[in-house]
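For reference, the structure is listed below as structure tokens.
Read the figures in this text as sums done on the coordinates, not as results from a lab. Model, not experiment: these values are computed from the prediction. Here the Cβ positions follow ideal geometry from the backbone for every residue, glycine too, while neighbour counts run over all protein chains shown.
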Amino acid sequence: MVSTLPYAAEKQIAIAAVRRACVLTASVFNKLIKQETLTKDDKSPVTVGDFSAQAVVNTILNRTFPDDPIVGEEDAADLRVESGTALRERIIQLASETLTAELVPGEKEEWGLGPKNGRTTEQLLDAIDRGNYQGGKTGRMWTLDPIDGTKGFLRGEQYAVCLALIVDSRVELGVIGCPNLPVSASEPSGPRGCIFVAVRGQGAYQLPLDDPLSSTGTKIAIPTFTPETLNFLESVEKAHAKLSFNDRVGQILGVTRAPTRMDSQAKYCSLARGDGGVYLRMPVGSGYKEKIWDHAPGSVLVEEAGGIITDGRGQPLDFGLGRTLGENYGVVAAGKDVHPKVIAAVQQAKAEEEAQSQL
Ligand SMILES: Nc1ncnc2c1ncn2[C@@H]1O[C@H](COP(=O)(O)O)[C@@H](OP(=O)(O)O)[C@H]1O
Ligand SMILES: [Mg+2]
Ligand SMILES: [Mg+2]
Ligand SMILES: [Mg+2]
């Protein structure tokens, strides 16, 4: 029976697209060679995995929702020039293999998948560039981070394929694939690979990465914490978040556990299923503007798991400002009981810092 719940079709297709992209990135990692990574203008890395995953997800979305614009992290400019020939050929090969692989249960040929659905180089480069939408306040749009945590991906640690649907500035659906995340945090050496899915008003779920469309998954929720059971989820990269500030916020809250550092929106997934009670990301003061694809899927997942997500001043994140979150001040996500305490502690730590700087 076809589900009549809101966004049922979008959810199914988003899960299928993210799963395919995860299969691709996991297989790329095993074969990745140094020449298959570029350094972007902002000095951050991008690999053949990022480009080909964006080609795959955008192709699948465009087939069923041709009118929906996409705000995607990557673009194909570096692949269209002579110097990008080797990289381009590799990306096209990977994306083609991924799109034409056999269907798995729950997938449909009309989504553009399966052996009959080959694409040309031009079609795949255009698919990557379909992510060039500038975003904005009104209308439907997808936002895609084909590999979030590229640095974690390159280290063989956590990364995530992240997709969200935004309607009139509100995130309605989020799907996050985490190929390296243990299925259960209590078994860190156990099986890995999960997909997290949330539709606004329908709860948050964890599904198996290898067969998500045949499963409704496990409902997840943020539990209650005491200062003794709480710990922070934070970036690995010191350039992305002010980790010394986090330490002071933790002290104010009476947190005794060491923080868990991991790359990507796997942090939001961990928070949503109760591993660690606070996601804290304070700006390092470099003027960097947070990108919507780094937070949109995670934000709806946290909210549907019963949590709250705001900036460090307690203001809601605004996904209607374009490709970035604008002048927002960091990100704080936590369960309903803990969140106001974290905001108060952030304000206190900030006041202390300002007092210190005036000495
Ligand atoms: N100076 C900076 N401050 C904050 N975030 C940054 C940053 N430079 C890059 N990022 C973003 O941080 C993301 C990774 O988040 P995290 O630190 O939580 O792992 C990167 O995503 P990509 O890896 O998709 O480029 C990138 O968009
Ligand atoms: Mg990047
Ligand atoms: Mg990212
Ligand atoms: Mg990325």
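Size of the dipole of the chain about the Cα centre, Lys and Arg at +1 and Asp and Glu at -1 on the beta carbon, nothing else charged, in debye to 20?
Working: 38 positive and 46 negative charges, 88 e Å.
It comes to approximately 420 debye.
Per the Kirkwood definition applied to all pairs of different Cα atoms, how many angstroms is the hydrodynamic radius of region 31-101?
Computed over Cα pairs of region 31-101, the Kirkwood hydrodynamic radius comes out at 13.0 Å.
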- Query: Can you work out ³J(HN,Hα) from phi for every residue in region 222-234, in order, using Karplus 6.51 cos²θ - 1.76 cosθ + 1.60 and θ = phi - 60°, giving whole Hz and x for Gly and Pro?
  - Reply: 7, x, 8, 10, 10, x, 6, 9, 7, 9, 8, 9, 9
- Check the straight Cα-Cα distances from LYS43 and name the lysines below 21 Å, setting aside those fewer than 8 residues away within the same chain. LYS34, LYS151, LYS238, LYS242, LYS289, LYS291
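When the helix-only estimate is applied to the chain (DSSP H runs of n ≥ 4, each -39,500 (n - 2.57), divided by the residue count), what is the mean residue ellipticity at 222 nm, nearest 500 deg cm²/dmol?
Helix contribution divided over all residues of the chain: -10500 deg cm²/dmol.
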- Whole-Å distance linking the alpha carbon centroid of region 167-185 with that of region 69-145 is 20
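Apply the Kirkwood formula to the chain: the hydrodynamic radius equals the inverse of the mean of 1/r over all pairs of different alpha-carbon atoms; give it in Å with one decimal.
20.5
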- the chain: most fluctuating residue of GLY190, GLY276, GLY114 per GNM, C-alpha cutoff 10 Å: GLY190
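Cut-off is 10 Å between beta-carbons; in what order do VAL18, VAL183 appear when sorted fewest neighbours first? Walk me through the numbers before you get to the answer.
Details: VAL18 30, VAL183 16.
With the sparsest Cβ surroundings first, the list reads VAL183, VAL18.
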- Message: What percent of all Cα-Cα pairs in region 1-134 falls into each 10 Å bin, going from 0 up to the bin containing the maximum distance?
- Response: 12, 44, 32, 10, 2, 0
- Item | Rounded to whole Å, sorted largest first: equivalent-ellipsoid semi-axes of region 124-221, Cα gyration tensor | 26, 19, 11
- Compute the distance in nm between two label points, each set 7 Å from the Cα along the Cα-to-Cβ direction, one at ALA344 and one at LYS34. 5.3
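Rank by packing, highest mean first: peptides 193-204, 240-251, with packing defined as the count of other Cβ atoms within 10 Å averaged across residues. Could you put the intermediate results ahead of the total?
Working: 193-204: 22.4, 240-251: 18.7.
In decreasing order of mean packing, 193-204, 240-251 become 193-204, 240-251.
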- Treating the beta-carbon of each Lys and Arg as +1 and of each Asp and Glu as -1, no other charges, what is the dipole magnitude of region 8-220 about its Cα centre, to the nearest 20 debye? 360
- Query: Near LYS219, which lysines are there with a Cα under 21 Å away, not counting those fewer than 8 places off in the same chain?
  - Reply: LYS11, LYS267, LYS336
- Message: Taking the Cα centroid of region 326-353 and of region 209-237, what is the distance between the two, rounded to the nearest whole Å?
- Response: 20
